[in-house]
Amino acid sequence: LDEVDKAENFVMAALFCASEEGNVEGLKELSEMAANIDLNTSNKHGETAVHMAASGGHLEVLKFLLSKGVDISIKDKQGDSAVYWAARQGHTDVIRCLVEAGVSINTQNKSGEAALHVAARYGHTATVEYLCSIDANINLFDNLGETALHCAAWHGYVQITRILCENGAMLTLQNKEKETALHCAAVRGNLDCVRVLLEYGVPLNHTDKRGSTALQLACQRHNSAIALLILNSGCQLDIIDKETGESTLHCAAREGLLSVVQTMCSLGANVDVTSTDGFSPLHLACKFGHIEIVRCLLMVGASPDAVNKDGLTGEIMALAQGFTHIAELMTSVKGERRLALISQLKPLAQPISRVKLKLLGSTGVGKSMLVESLKTGFLGSFFRRKLYPAASSSTKHKTASKLSRQFSLPTPLNYTVGNPSYTKGIDVQTVSVTGKLGHLLILLQVS
């Protein structure tokens, strides 16, 4: 009996070895030598010769096994079929052979995954394209509630994401964590996948189990480019996280994402919204030392006097963390002075049409020369070159270069001198007189 077992083990090992290595001639010889060989026999993992041939992409071996009537739908102990193994390795020709032999492409393993899931996860574009062309179930859920689109977006496969969208993948589907494909792409920083999903109209405001949107996840992971892309696509600005009560602006202010804060403020986000702890975005910017964000929030009207549940203002929080420069800024914008400063910083509705310039300086420093330069247009040419790129230095025609400078601004720059005598030198001298009545400082201007 032991000798028989050894012989059977040898035959089975030879069968698996030939199938795994693609040795079709050796497999034929083995089949002829051992007439009673069971080609459906499996190893301890439930894997058969069909699995191994499919995984290795050995089409001729597979065809031979099919000619011998093997079970092409047999599964291993994980529930994986031969078509699943072929899809995992991206062997499209093997899948085509199995499909023509009648295998189901939507068969799911114990994890609920089908061939399309695994092809998308491992980035096999041609395989995904083929599976979509033969009507694979694009919106099939695995045990985690994920579709092939979730897999592609999570792993950053842009072309596969596009193929799935083109073939009818539902963009609203959420996994068991309530995440859409946009959540997956945003949290992983896959910018190009986000672009594709937005192009096909993915919903922007779906929330996961925690109440977080894709925008909030992008901010949490410092994926500012993705956050800006979603913001400029028209998402809701003030969706609140269920656990913390924070808005996206809270997160951006805490993480120091200046461009995101600026964009949200320009789009009209609520700057004084408070979390469950009573923190406003300004509190968080002060606490974590982001002075430019503090300036931005103050400029759009955030209240510097707002307090959290512990009665602390942003100024106090900045001092507690050692950010004295922020505390000084907060002090300087209190009361009526704040409104005056904000009004000075706000841009005008129309561009400035006239600038009045006074030139002060001692005799001989070049004031008259500067005025003459303005009159001759030398400085005008300088400004044009700074504002607009000059023509390429490789151009052969001087006329083109002149025209590019002449029409580089929509309107010409004109200069007038109010009074030539204003360029006289002015020397400023300080005289200090100290007496019983105090200290007197006199400034003398000498023309």
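The values are calculated or read from the model by the stated rules, or taken from the named source; none is laboratory data. Worth saying up front: this structure is predicted, and the values here are computed from it rather than measured. Virtual Cβ from ideal backbone geometry, glycine too; neighbours counted across all protein chains shown.
The table that follows gives values for the structure above.
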read-out	value
So G234, is it closer than 27 Å to A320 by Cβ, more than 11 Å from the chain's Cα centre (by Cα) and surrounded by fewer than 16 Cβ atoms within 10 Å (Cβ to Cβ)	no
Extreme residue, modelled with the lowest pLDDT, among residues of segment 201-219 that are crowded, with 16+ Cβ neighbours inside 10 Å and more than 11 Å from I230 (Cβ to Cβ)	G211
Test: L341 is buried (at least 16 other Cβ atoms within 10 Å of the Cβ) and modelled with pLDDT of 70 or more	no
Yes/no for E100 being more than 21 Å from D208 (Cβ to Cβ) and not assigned by TED's automatic domain parsing to the domain that holds K68	no
Residue match in segment 108-122 (condition: of a type in the set (D, E) and surrounded by 20 or more Cβ atoms within 10 Å (Cβ to Cβ))	yes
Per-region count, segment 130-143, residues of a type in the set (V, I, T) and surrounded by 19 or more Cβ atoms within 10 Å (Cβ to Cβ)	1
Qualifying residue in segment 221-230 (condition: assigned to a loop (DSSP other than H, G, I, E, B) and touching a His at 6+ places or on another chain (Cβ under 9 Å))	no
Pairs where the first residue, in segment 125-150, is more than 17 Å from D93 (Cα to Cα) and the second is surrounded by 24 or more Cβ atoms within 10 Å (Cβ to Cβ) and acidic (D, E), C-beta under 9 Å, 6+ apart	L140/E113; D142/E113; N143/E113; G145/E179; E146/E113; E146/E179; H150/E179
Failed item, numbered, when P347 is tested on (1) at pLDDT 65 or above; (2) over 34 Å from the mean Cα position of the chain (by Cα)	(2)
Test result for L140, assigned to a loop (DSSP other than H, G, I, E, B) and either of a type in the set (K, R) or closer than 26 Å to K209 by Cβ (or both)	yes
Unmet requirement for G278, which otherwise passes all of (1) surrounded by fewer than 18 Cβ atoms within 10 Å (Cβ to Cβ); (2) farther than 29 Å from P304 by Cβ	(2)
Tally of residues being of a type outside the set (G, A, S) and in contact with a helix residue (DSSP H, G or I) (Cβ under 6 Å, 6 or more places away or on another chain) across segment 266-287	7
Of the criteria (1) closer than 28 Å to K176 by Cβ; (2) more than 34 Å from the chain's Cα centre (by Cα), which one G123 fails	(2)
Unmet requirement for G314, which otherwise passes all of (1) at pLDDT 95 or above; (2) under 12 Å from A253 (Cβ atoms); (3) out of contact with any His (no Cβ under 6 Å at 6 or more places or on another chain)	(3)
In segment 29-47, residue farthest from G79 (Cα to Cα) [restricted to those that are touching a Leu at 6+ places or on another chain (Cβ under 8 Å) and hydroxyl-bearing (S, T, Y)]	S31
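Rundown of residues vs (1) crowded, with 16+ Cβ neighbours inside 10 Å; (2) assigned to a helix (DSSP H, G or I), yes/no style:
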residue: G145; (1), (2): no, no
residue: A152; (1), (2): yes, yes
residue: C165; (1), (2): yes, yes
residue: G168; (1), (2): no, no
residue: L173; (1), (2): yes, no
residue: K176; (1), (2): no, no
residue: C184; (1), (2): yes, yes
residue: V194; (1), (2): yes, yes
residue: L197; (1), (2): yes, yes
